[in-house]
Amino acid sequence: MAAAVTGMAERGPGGREPGLGLAVAAVPGSWPEVRQALSEGRRELVLRGGPLEERVRAGGLDPGLFALPLLQHLELGAGLAALPPELCGLAQLRSLVLRHNRLAALPAELGRLQRLRSLDLSANRLTALPPSLGLLQQLSGLNLSHNLLAALPAQLGRLAALTHLNVSANRLSALPPDLFQPGLPLLSTITAAANLISQLPATVSQLPALRTLDLSDNQLSEIPYELADCPKLKEINFKGNCLKDKRLEKMVNGCQTKSILDYLKSGGRGKGKGKTDSAEKVENREKARKKKKVLKKDDDEESDEMEELNKLVVRVLHVSESPSSVLVKVTPNIKDVRPYIVCCIVEGMNLRPGNALKRFLVAQTKLHDDDCQKRTLATIATHDLHLVKGPLLYDARPSHSLKITPLGKKEIKAADLVRQLQMEADEQRKQKKRQNISGLHKYLQLLNGKENFPCLVDAEDHAISFPPITNSDKTKIRKSTSQLFLEVTSSTSLQVCKNVMDCLIVRMAELNKFTFENQEPESVSDDETEEAGAVDLTLVKMASPELIVKQVRVVDVEGNLKVVYPAKTDLNVDAHNVTVIR
């Protein structure tokens, strides 16, 4: 793969690399990528690929790289065996990606990167981390997966802005106690699968924002009952552990998160002390609770009826119950580009009245900014199911051959679209005399260094989605859309896709209930009126705000199941006003 560049620099030479066994190029700014970054005044730089590794082995990193004072995003994949301390002088750096190198250690100067928000050190050879890591007070995402770490520094507990921590596939025997302190109020995701962890501290309950905890394939024998006190916990994974409480072990392999937490509360406590019928009682209570929410009797009291009416009802239909379900196949090409995808079909969403469609699109944008962390974690795409021609293929294709019809535009090659957006972004910067850019332009850096782009293709070989940039105008939703095909993709994890989809569906249920209650005038645009024929849509009224979610299966090219959503462990929402009927 050729080295890719989307960088910025303003000054020339600076820095050297003493005592690290990695020579530095003799001529500052000699690399064409660095010269291009200087001449175009960019703030992102991606350098990786086979030819680049040969250059690094022959002459080391170009010292001009260290003289880019405004650089905000840097990705280096050049087989680095050591990280030059001079790199830590890039004071404006927000994102640093060093995955798939040969790093065995990090310089103490790492703590100088005070503005760093995202640090990816996955797939290296790290055996230890410097204490200075705790100085990165703005760091929100830290990926240390697939290294050789036997321990984590206590200083991680000082990262007050940390939201996502991934330490999977290391050699950790424990997580540092300081990680489970009130000093980490934003930590929402801990992924520590495939380690040697033998104990989860009871202080895990002190993480107020914890939503996802993955400790699968470790050496846990107990789960602390205090885990049930985490107020926002929605997804746990303890599969692959040998628990003393065999009933609890059975539950973690097949039950919903809520049932497991209820079991811990009820006396099981993860210590083998639970009553033998405790899990059965919990499950029976759960079934009774759902039945009570579903069934309404004529002799219910008026207050109970009002409470039931105020609930958001989401009904799940399995694939076998959904003749209109669409099959999604995943090709091996996508593995190294954007491997994770989750899909489903939603019916009952009324987008016709007033500003219902606009509210939905605004909500989707907010999810992109918040839960998806500006699309760095995941990307949402919504389609009109009637315009989607299945089966679908999730693939990665060369940027120069992939074509898509972006929202509101004509068909264009993906490479040309990215180039066009980049030119528009540069023009925005010049006109506004600032670096912040809006629209699709701010997501271009997510494609840096990729020769193949991810895409979702229909049965006629038309790309209906190009994540994380745009989906196709051919399948866009309108006011007349009655069935929606939802898609969430990610390069981070499958669980991230599921969490985002959960949030999206709950938000849709809330919006649909708002539409139902406010009785806004219903209207459609001229083109939609023509599509609707003689039906006067202004007279159509919602019978109920209930949403129906239909499962969609994602399989590999040989037909083997990869994921089905929503499964039993999905849509386990804690909101008191949401009822999920399965």
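The values are calculated or read from the model by the stated rules, or taken from the named source; none is laboratory data. Given the structure is predicted, the values throughout are model-derived calculations rather than measurements. Note that each Cβ is placed from the backbone with ideal geometry, even for glycine, and that neighbours are counted across all protein chains shown.
Screening residue 250 against (1) more than 26 Å from residue 501 (Cβ to Cβ); (2) out of contact with any helix residue (DSSP H, G or I) (no Cβ under 9 Å at 6 or more places or on another chain) leaves a single unmet condition, (2). For residue 221, state whether it is over 27 Å from the mean Cα position of the chain (by Cα), of a type outside the set (Lys, Arg) and either modelled with pLDDT of 90 or more or surrounded by 20 or more Cβ atoms within 10 Å (Cβ to Cβ) (or both). In short, yes. Would region 110-123 turn up any residue that is within 28 Å of residue 193 (Cβ to Cβ), in contact (Cβ under 8 Å) with a residue 60 or more places away in the chain, among the hydroxyl-bearing types (Ser, Thr, Tyr) and part of a loop (DSSP other than H, G, I, E, B)? Looking for residues that are within 28 Å of residue 193 (Cβ to Cβ), in contact (Cβ under 8 Å) with a residue 60 or more places away in the chain, among the hydroxyl-bearing types (Ser, Thr, Tyr) and part of a loop (DSSP other than H, G, I, E, B), one finds none in region 110-123, hence no.
How about region 380-396: which of its residues are within 13 Å of residue 475 (Cα to Cα) and part of a loop (DSSP other than H, G, I, E, B)? Hits for region 380-396 are 388, 389, 390. Evaluate the following for residue 156: is it among the aliphatic types (A, V, I, L, M) and buried (at least 18 other Cβ atoms within 10 Å of the Cβ)? Yes, satisfied.
Which of the residues spanning region 100-123 are crowded, with 17+ Cβ neighbours inside 10 Å and within 14 Å of residue 87 (Cβ to Cβ)? Passing the criteria: 101, 103, 106, 107, 110, 111, 112, 113, 116, 119, 121.
Only one of (1) at pLDDT 90 or above; (2) over 25 Å from residue 501 (Cβ atoms); (3) buried (at least 17 other Cβ atoms within 10 Å of the Cβ) fails for residue 404. Which number is that? Unmet for residue 404, out of (1) at pLDDT 90 or above; (2) over 25 Å from residue 501 (Cβ atoms); (3) buried (at least 17 other Cβ atoms within 10 Å of the Cβ): (2). Taking the criterion of being buried (at least 20 other Cβ atoms within 10 Å of the Cβ) and either part of a loop (DSSP other than H, G, I, E, B) or out of contact with any helix residue (DSSP H, G or I) (no Cβ under 7 Å at 6 or more places or on another chain) (or both), the residues of region 127-139 that qualify are 129, 136, 139. State whether the residues of region 210-217 include one that is in contact with a Cys (Cβ under 9 Å, 6 or more places away or on another chain), assigned to a loop (DSSP other than H, G, I, E, B) and under 29 Å from residue 503 (Cβ atoms). Checked region 210-217: at least one residue is in contact with a Cys (Cβ under 9 Å, 6 or more places away or on another chain), assigned to a loop (DSSP other than H, G, I, E, B) and under 29 Å from residue 503 (Cβ atoms). Do you know which residues across region 324-355 are part of a helix (DSSP H, G or I) and surrounded by fewer than 21 Cβ atoms within 10 Å (Cβ to Cβ)? Selection gives 332, 333. For region 481-494, the set of residues classified as farther than 14 Å from residue 376 by Cα and either surrounded by 20 or more Cβ atoms within 10 Å (Cβ to Cβ) or touching a Lys or Arg at 6+ places or on another chain (Cβ under 6 Å) (or both) consists of 481, 484, 485, 486, 487, listed by residue number. For region 162-185, give me each residue that is modelled with pLDDT under 90 and either of a type in the set (S, T, N, Q) or in contact with a Ser or Thr (Cβ under 6 Å, 6 or more places away or on another chain) (or both). Listed by number, the residues that qualify are 180, 181. What's the number of the condition residue 40 fails, among (1) at pLDDT below 70; (2) surrounded by fewer than 19 Cβ atoms within 10 Å (Cβ to Cβ)? The failed condition is (1).
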